[in-house]
Amino acid sequence: MKPVAFDYYRPQALAEAVALLSDMGDEAAILAGGMTLGPMLNLRVARPRAIIDISRIPVLKTISVHSNVVLTGAGVIQNDALGSDVIQRELPLLAMALPWVGHFQTRNRGTLGGSVAHADPSAEIPLALITCGGTVVLQSRRGQRRVPAREFFVGVLMTQRRSDEIVTALEWPRSAPDASHAFAEIAQRHGDFAIAAVACSVRLDRLDQVEELSLGVGGVEGRPVAIQVNSFVGRPAGEIATDLSEHAAGSLTPMEDHLVSADYRTALTKVLVGRAVNSALEMIRQRRDHLQ
Amino acid sequence: MTTLHRAAGERFTLELTLNGQRRSGQAEPRMLLCDFLRHELQAFGVHVGCEHGVCGACTILVDGRAVRSCTQYAPQADGAEIVTVEGLAEPGTLNEVQRAFARHHALQCGFCTPGILCSVTHFLRETPRPDEQQVRDMLSGHICRCTGYASIVTAILEAAAAMSRDA
């Protein structure tokens, strides 16, 4: 199908985009890669009066490393992020999640910020962002606002973004050198929306006890969920996988749809948490063997 | 700094480079890029399937990258370098990948083929010696209802081997 008629605006600077959105609010839609907005326009699920194309604003395409965080512009293209040495080195969890995002042909145009702003419950980039405890940076005429990702996502396609705000950047805590990460997902076909996805980061102390752990689950509830895992800190790493699977599955209320029952999502969550945790721990073992 | 504005429903002249030639045509803001290429510039090798970015038939190269042309709108392509299947080889000839597709019967109806050939062009530039899994991952962005994909995978792997031998 074809979209409804819309006014097209292409600002060259962020301030212009912010001013336009401030004037038009809900009547305008922000267009970057168009990998989610495009289908919604063509199917007429979205019927904006105006489109503000932010894909040629240079400042939104930068990746910068700071003392504790990496800042990725909202307009960074997913395949560029995947090919970035900085992201491979500093944000290994994001690098592991990216190959699961859509297909080669959609990652060539889809952006990091677009995926976050759209907030599909099964999307991998939001899942990676909540798992590592990142932040969403928003800009409006009223100023800049930073919202922790774990609060930003509210429900299916719903976020804390106000109608005059543009997602301008994502802030990712840099990975500790001794941290280990894993990403696991099950979809009907590779590149389809995840039925369930799990992201995991872990650090061990010298006695192989859990020192730091974060675990996120996507596709199961209406938004990506960071599982509360404090009770696992201090436990011997070798024995956590089964308990963690049960704990994660028990703390979620799964969605149900025409393809997948709630019970099946629960079962997949258990399997994927086990896979992700074991894969992260295996990576630590291999790294140690390599050093010895 | 200025903001470009194209009013809803109003036609404007869009200029871009198509297969190495400077071209222009008339568009309105909501016109899909694939429709612009077909209806205004007669690039009928751009096939339009699902119109929401899923089937891959409309895949073209924009500034060297394999992307969908059905989820982009004409004004976004202002000044872009576009290559469609018509521009992958000299007119009347086939390139290495196209010859391998013919040898291995990697197409029957041919509807998905132009999009796949554009994807493969970008993919092999980034991954000159892919393994089967990498080829299948890349192909997951295309739907082919004729071949079952096996012959497409074989053709791409053979073309990749031949091209890196020649390089």
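Things worth noting here:
Listed here are the residues, each with its yes/no results for (1) among the aliphatic types (A, V, I, L, M); (2) touching a residue at least 24 places away in the same chain (Cβ under 8 Å).
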residue: A:Arg56; (1), (2): no, yes
residue: A:Thr62; (1), (2): no, no
residue: A:Ala95; (1), (2): yes, no
residue: A:Gly110; (1), (2): no, yes
residue: A:Glu124; (1), (2): no, yes
residue: A:Ile130; (1), (2): yes, yes
residue: A:Gly134; (1), (2): no, yes
residue: A:Arg142; (1), (2): no, no
residue: A:Arg145; (1), (2): no, no
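- Residues in the stretch B:44-102 that are at the interface with chain A (Cβ under 8 Å from one of its Cβ atoms) and on the phi > 0 side of the Ramachandran plot: B:Glu51, B:Gly53, B:Gly56.
- A:Gly133 meets the conditions (1) surrounded by fewer than 21 Cβ atoms within 10 Å (Cβ to Cβ); (2) touching a Leu at 6+ places or on another chain (Cβ under 8 Å) in every case but one. The failed one is (2).
- Set A:Val70, A:Val101: member being within 12 Å of chain B (Cβ to nearest Cβ), within 18 Å of the chain's Cα centre (by Cα) and β-branched (Val, Ile, Thr): A:Val101
- Scanning the stretch A:157-193 for residues that are assigned to a strand (DSSP E or B) and at pLDDT below 95 yields a total of 1.
- Residues in the stretch A:14-54 that are in contact with a Gly (Cβ under 7 Å, 6 or more places away or on another chain) and farther than 17 Å from A:Val137 by Cα: A:Gly33, A:Met35, A:Thr36, A:Gly38, A:Pro39.
- Of the residues contained in the stretch A:6-18, one or more are found to be exposed (fewer than 15 other Cβ atoms within 10 Å of the Cβ), within 9 Å of chain B (Cβ to nearest Cβ) and of a type outside the set (S, T, N, Q).
- Every residue from the stretch A:122-156 that is closer than 16 Å to A:Thr72 by Cβ and in a helix (DSSP H, G or I): A:Glu124, A:Ile125, A:Pro126, A:Leu127, A:Ala128, A:Leu129, A:Ile130, A:Thr131, A:Ala149, A:Phe152
- Which numbered condition B:Leu16 misses (of (1) in contact (Cβ under 8 Å) with a residue 12 or more places away in the chain; (2) within 14 Å of chain A (Cβ to nearest Cβ); (3) assigned to a strand (DSSP E or B)): (2)
- Residues that are surrounded by fewer than 16 Cβ atoms within 10 Å (Cβ to Cβ), touching a helix residue (DSSP H, G or I) at 6+ places or on another chain (Cβ under 9 Å), outside any loop (DSSP other than H, G, I, E, B) and among the hydroxyl-bearing types (Ser, Thr, Tyr), drawn from the stretch A:231-289: A:Ser231, A:Thr242
The values are calculated or read from the model by the stated rules, or taken from the named source; none is laboratory data. These numbers were taken from a predicted model, which means no experiment stands behind them. Cβ atoms come from the backbone with ideal geometry, glycine included; neighbour counts cover every protein chain shown.
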